[in-house]
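Some notes on the structure that comes next.
The values are calculated or read from the model by the stated rules, or taken from the named source; none is laboratory data. Nothing here was measured: the structure is a model prediction, and the numbers come from that model. Here Cβ is always computed from backbone atoms with ideal geometry, including for glycine, and neighbour counts include all displayed protein chains. The protein model used for the area step is the full one, side chains on, heavy atoms only, and it has no ligands, DNA or RNA in it. Shrake-Rupley method; radii C 1.70, N 1.55, O 1.52, S 1.80 Å.
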Amino acid sequence: MIHEVKEKTTCSNTVKNYKERYKYNIQDVIGNMIISEVKPMHCQHVLNLMKEKYKGSTIEQCRITMASMFLYATENQIIPMSLVTKLVKSPKKIEKKNRGLTLEEQIKFLEVAQNTSNYYQYALILQTGLRTGELIGLKWKDIDFNKRTITVRWTMEFRYGDQEFRIGEPKSQSGYRIIPMTQTT
């Protein structure tokens, strides 16, 4: 299904996520079942098994992967209805709330980082709001010093399963953006 449908219509990073969720979480639990015998409780079991080892966002990726698989099977009349229903939910995990640094914390952080090899990277991230993957995915052609803008077109990520860095397009349309550079930037 992933090869036939998703690889031609979906961002490569998303396809990679689908493949990883199937390989590492879905395949061993329901991958050998006859599709007509799979029930929503089996899909829920896949997600429940992930609760202790994975972040909530990864569990939700797995739920989305299964929903996509079974929707495809439904639309092609392989099964009468999707198996990932409203009853199949990602187990609730208490996730740490992230917060941005205050201006005072940013100043203190940069003072401490002043003599490190990554100082300018930290400063650029704080000045622009770039994500780390977006920063390391930048190319010189993405920076327009005359217009004083940075164009985000790429992101780089480390794929733990493959033990490699990969550069790809942002996951959503809102990831593509032009960031103005301040005088400090």
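Data table
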quantity: Structure-derived mean projected area of the Cα convex hull in nm²: which label, when the choices are [x] 10.5; [y] 11.3; [z] 13.8; calculated: [z]
quantity: Amide H contacts under 5 Å for R177, placed H, 5+ residues apart; calculated: V152
quantity: The chain: relative contact order in percent, alpha carbon pairs under 8 Å with at least 6 residues between; calculated: 17
quantity: Nonlocal amide H pairs with K89, under 5 Å, H built at 1.01 Å; calculated: none
quantity: Sparse-neighbourhood loop sites, GluC sites (Glu not before Pro) in segment 94-185 - DSSP loop, at most 14 other Cβ within 10 angstrom; calculated: E95
quantity: Most to least accessible of R177, R166, R159, R99 (protein chains only, probe 1.4 Å); calculated: R99, R177, R166, R159
quantity: Computed label-point distance, nm, for sites N118 and Q27 using a 7 Å Cα→Cβ extension; calculated: 3.3
quantity: Nearest-10 value in Å² for the accessible area of L130, using the 1.4 Å probe; calculated: 10
quantity: Folded to 0 to 90 degrees: helix 119-128 orientation relative to the chain principal axis, Cα; calculated: 70
quantity: Accessible surface of segment 12-83 [probe 1.4 Å, protein heavy atoms]: carbon and sulfur percent; calculated: 54
quantity: Gain upon complete extension [M41, K53; 0.36 nm per residue less C-alpha separation]; calculated: 2.3 nm
quantity: Share of carbon and sulfur in the accessible heavy-atom surface of segment 133-184 [1.4 Å probe, %]; calculated: 55
quantity: Accessible area of K23 in the full protein assembly, 1.4 Å probe (Å², nearest 10); calculated: 120
quantity: Rounded to the nearest 10 Å², the accessible area of T184 at probe 1.4 Å; calculated: 110
quantity: Helix axis angle, 40-50 relative to the chain longest principal axis, alpha carbon, degrees; calculated: 40
quantity: Å² per residue, accessible surface of the chain at 1.4 Å; calculated: 70
quantity: Net charge of neighbours whose Cβ lies under 13 Å from the Cβ of D162, counting Lys and Arg as +1 and Asp and Glu as -1; calculated: +2
